[in-house]
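> Handing you a structure now.
Read-outs throughout are calculated quantities, based only on the coordinates presented, and are distinct from any laboratory measurement. Note that the structure is predicted; figures quoted are calculated from it, not measured. Note: ideal-geometry Cβ built from the backbone for every residue, glycine included; neighbour counts use all protein chains shown.
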Amino acid sequence: MNVLEAAETVVKAGNRLVEEGLIARTWGNVSCRIDSSTFMITPSGKTYDSLTTKDIVAVNINDLSYFGNVEPSSERKVHAAAYRQRKDINFIIHTHQLNASALSPLAVDLDVDEPEIKEQVGEKVWSVPYALPGSTALMKNVEAVLARCTGKAYLMTSHGALCLGSDCNDSFITAMKLEEICCRHLLNRYLTLSGRTSYDSNEFGQFYAANFSDKKVKTGGSGCNLLGSSIKKGSKIFFYPGGLAGAGGGTGEDSCSELLILGAGNGHGDNLDPGLRKAVTIHRKIYERYPGTMTIIHSVKPDIMNYSLTGKTLYPMVDDFAQIIGVNAQALAPDYIQAEKTARMIQLKILGRSAVLLKGNGAICCGADIEDARAVEMILGKNCRAAMAVDLFDRGKPLRGYEALLMRFIYLRRYAKKAGQGIKKV
């Protein structure tokens, strides 16, 4: 395969990863071997939907030097290590896919029982010890594991998946099979512990809360649930009681039937239903305190909702949580009667972070725009699933505090700027 063909294949693979839901935005990376000394890889900090063949970078497998002015992915060291160890591998996909990422903090090899899946990925899914993303230590960890293992699917602890293949399609099959393995592994653990024969999200939430709640956190006051999401444009707040499902990248005023357009200052919206007025109060106070926030999503997606039932603070189980949300997502038991009090509590607990958990009512996710807020919601949900997996299997631990701080700093100062639309500190 020549350079142009390899670049075209990598671009198509990047788009396919987004379509398959295996990655989003700038997370993860793809590479293709050209020959024994060179591979092509996606660039650092650029979204997949904007990639062209000119963005794909040629990297030397042995010394990691690269050609041109475009900086390759920071994980080029990992790809180079895999190509050096495995001469049979010509294509690599590194993803942050949901179930694989959720099980990665367990730091354990997973047995593969199904013959047809074993034929594709190998007898086990192998675990790679943790090291900071992009580091030489992570490269060495990958190299050491691949030196003794011949499979195609690997879980990099608290980071994501490494899926190998003889070509692009082979790597994609590995990635999809890996997700299937991890999903089944997690499901079987829950069914074994609960004694149930099938999965239901509400039943799982009740089981998880009963066994893993923070008993010290009391339930807040009664009243409305403060549901709703919003977008701030200038002096106006576009509030969606039904969520942002119908809102586009702009204000969304023409794309959602449930919409309230409010002034951003105090004294507006006093004629609203009392429940909505309290919800709007929460949003308005966040916008006032953190000018960089322009979108707020109140998420009640299943993983977020189920974890919020425990009232526990959420710590980084996967490193993209540390990068995008912060050193943790604190939890509070909101008083829905005293909206002003709840607003002040949220203002304090969201400082330096992009999300706050509401006991039994999901989470508030903040971003510089609608894409950022949705990214926060997605990463929060994945980390909630990882935290629940750690509890269910009784193994694994959060990232260390200084590592989380370092990754948050690097992301905000470097990668967010490269993407041109990164999460802003709130």
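> At a Förster distance of 25 Å, what's the computed FRET efficiency of Arg184 paired with Ser213, Cβ-Cβ distance as r, to 0.05? Let's see the in-between values first.
Details: r = 27 Å, r/R0 = 1.06.
Using R0 = 25 Å, I get an efficiency of 0.40.
> Relative to the longest principal axis of the chain, what angle (0 to 90°, nearest 10) does the C-alpha long axis of helix 370-393 take?
70 degrees
> What ranking of Tyr315, Tyr130, Tyr83 emerges when the number of other C-beta atoms within 10 Å of each C-beta is taken as an exposure proxy, fewest first? Could the numbers behind the result be given before it?
Numbers: Tyr315 18, Tyr130 21, Tyr83 24.
Least crowded to most crowded, the residues run Tyr315, Tyr130, Tyr83.
> What is the distance in Å between the Cα centres of region 302-368 and region 371-397?
13 Å
> Moving on. Could you calculate the contour length gain from Ile173 to Thr313, that is, 0.36 nm times the residue separation minus the distance between their Cα atoms, to one decimal place in nm?
That works out to 46.8 nm of additional length.
> Sticking with this one: Send over the semi-axes of region 139-178's equivalent ellipsoid, whole angstrom and largest first, taken as the square roots of 5 times the C-alpha gyration tensor eigenvalues.
Values: eigenvalues 65, 30, 12 Å².
Computed over region 139-178, the values are 18, 12, 8 Å.
> Based on alpha-carbon centroids, what's the gap between region 64-123 and region 167-185 in Å, whole number please?
Value for the Cα centre distance between the two parts: 11 Å.
> Arrange Asp170, Asp319, Asp394 by Cβ neighbour counts within 10 Å, fewest through most, would you?
Neighbour counts put them in this order, fewest first: Asp394, Asp170, Asp319.
> If amide hydrogens are placed 1.01 Å from N in the peptide plane, which non-local residues have theirs closer than 5 Å to the one on Gly243?
Excluding prolines and chain starts, which carry no amide H, the hits are Ser229.
> While we're here: Which ³J(HN,Hα) values, rounded to whole Hz and listed in residue order, are derived for region 187-195 from phi using the Karplus coefficients 6.51, -1.76 and 1.60 in 6.51 cos²θ - 1.76 cosθ + 1.60 with θ = phi - 60°, glycine and proline given as x?
4, 4, 5, 4, 4, 5, 5, 8, x
> Identify, among Gly352, Ala373, Gly160, the residue whose Cα sits farthest towards the positive end of the charge dipole of the chain, taking +1 on the Cβ of Lys and Arg and -1 on the Cβ of Asp and Glu, with the dipole about the Cα centre.
Gly352
> Next question, about the same structure. List the pairs from Lys118/Lys397; Lys12/Lys233; Lys54/Lys397; Lys77/Lys301 whose alpha-carbon separation is above 31 Å, in the order I gave them.
Check vs 31 Å cut-off fails for Lys12/Lys233; Lys54/Lys397; Lys77/Lys301.
> Have a look at Arg400, Arg33, Arg408 and tell me which one the Gaussian network model of the chain (Cα, springs below 10 Å) gives the largest fluctuation.
Arg400
> Let me ask something else. What is the chain's relative contact order, in percent, from Cα pairs under 8 angstrom and six or more apart in sequence?
Contact order relative to length: 14 percent.
> Across 10 Å bins from 0, what is the distribution of all Cα-Cα pair distances for region 3-193, in whole percents?
Answer for region 3-193: a P(r) of 10, 40, 37, 11, 2, 0 percent.
> Using only Cα atoms, find the angle between the long axis of helix 76-85 and the longest principal axis of the chain, and express it within 0 to 90 degrees, rounded to the nearest 10.
Tilt of helix 76-85: around 30 degrees.
> Just to confirm the number: angle between the C-alpha axis of helix 136-148 and the first principal axis of the chain, 0 to 90 degrees, nearest 10?
Between helix and principal axis, roughly 50 degrees.
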